[in-house]
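Novice: Quick one: structure below, then a few questions.
The values are calculated or read from the model by the stated rules, or taken from the named source; none is laboratory data. Since we're looking at a predicted model, the values are computed, not measured. As a convention, Cβ positions derive from the backbone with ideal geometry for all residues, glycine included, and neighbour counts pool all protein chains shown. Accessible surface areas use protein heavy atoms only, side chains included; no ligands, DNA or RNA. Shrake-Rupley method; radii C 1.70, N 1.55, O 1.52, S 1.80 Å.
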Amino acid sequence: VQLQAFGGGLVQAGGSLRLSCAASGRSLHTYAGGWFRQAPEKEREFVSAISWVGGTRYSDSVKGRFTISRDNTKNMVYLQMNSLTPEDTAVYYCAADQYRDWDTPSRVSEYQYWGQGTLVTVSS
């Protein structure tokens, strides 16, 4: 499975962005999808995950502001980010791996496939 994340950019605090993750090589139908982010000099951290039947999980820092979704017909996973703050500035990575229907893994080590990352910069 090859993943490509896109949709990052520069946005003012309070603004919104929608990240997309396009998968190729295999259907994501039985794959959980995840979003992680990595700020400068920090470890990669979990943002959100979606199971292949649509169950979701969010980190406390983004809950209520970000929404993860997927379109299995298009082999896509999305992350809608609202009410952005400068603390959300990071490179965002999408990830995927096969799991049971309701699983929403939240650890970096739980994903085998990764996209290249897309930079999100939130100005104050």
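Novice: Under a GNM of the chain (C-alpha, springs under 10 Å), which listed residue has the highest mean-square fluctuation: G14, G25, G54?
Specialist: Checking each option, the largest mean-square fluctuation is seen for G25.
Novice: So, one more: In square nanometres, what is the average projected area of the Cα convex hull of the stretch 61-124?
Specialist: Taking the Cα atoms of the stretch 61-124, their convex hull projects to 5.3 nm² on average.
Novice: Between E110 and Q4, 0.36 nm times their residue separation minus their Cα-Cα distance comes to what?
Specialist: Computed gain between E110 and Q4 is 36.3 nm.
Novice: Leaving out ligands, DNA and RNA, what percent of the accessible area of the stretch 24-124 is carbon and sulfur, probe 1.4 Å?
Specialist: Reported share for carbon and sulfur atoms: 47 percent.
Novice: Residues of the chain: accessible area per residue at 1.4 Å, in Å²?
Specialist: 51
Novice: Next question, about the same structure. Rank S51, S61, S69 by mean-square fluctuation in a GNM of the chain with C-alpha springs under 10 angstrom and give only the top-ranked residue.
Specialist: S61
Novice: Next question. Quick one: go through the stretch 1-36 and flag any residue whose amide nitrogen is under 15 Å from the point 7 Å out along the Cα-to-Cβ line of D71.
Specialist: Answer for the stretch 1-36: 6-7, 18-24, 28.
Novice: Give me the tail of P(r) for the chain as a percent: Cα-Cα pairs with distance above 20 Å.
Specialist: Tail of P(r) above 20 Å: 34 percent of Cα pairs.
Novice: Moving to a separate point now. How far apart, in nm, are the 7 Å Cα→Cβ label points at W102 and H29?
Specialist: Spacing of the two 7 Å Cα→Cβ label points: 2.2 nm.
Novice: For the chain, with only Lys/Arg (+1) and Asp/Glu (-1) charged at the beta-carbon, what is the dipole magnitude about the Cα centre, in debye rounded to 20?
Specialist: 240
Novice: Relative to the Cα centre, what is the charge dipole magnitude of the stretch 30-81, using +1 at the beta carbon of each Lys and Arg, -1 at the beta carbon of each Asp and Glu, and rounding to the nearest 20 debye?
Specialist: 120
Novice: Which distance in nm do the two modelled labels at Q38 and S61 give, with both placed 7 Å along the Cα-to-Cβ direction?
Specialist: Calculated label separation equals 1.4 nm.
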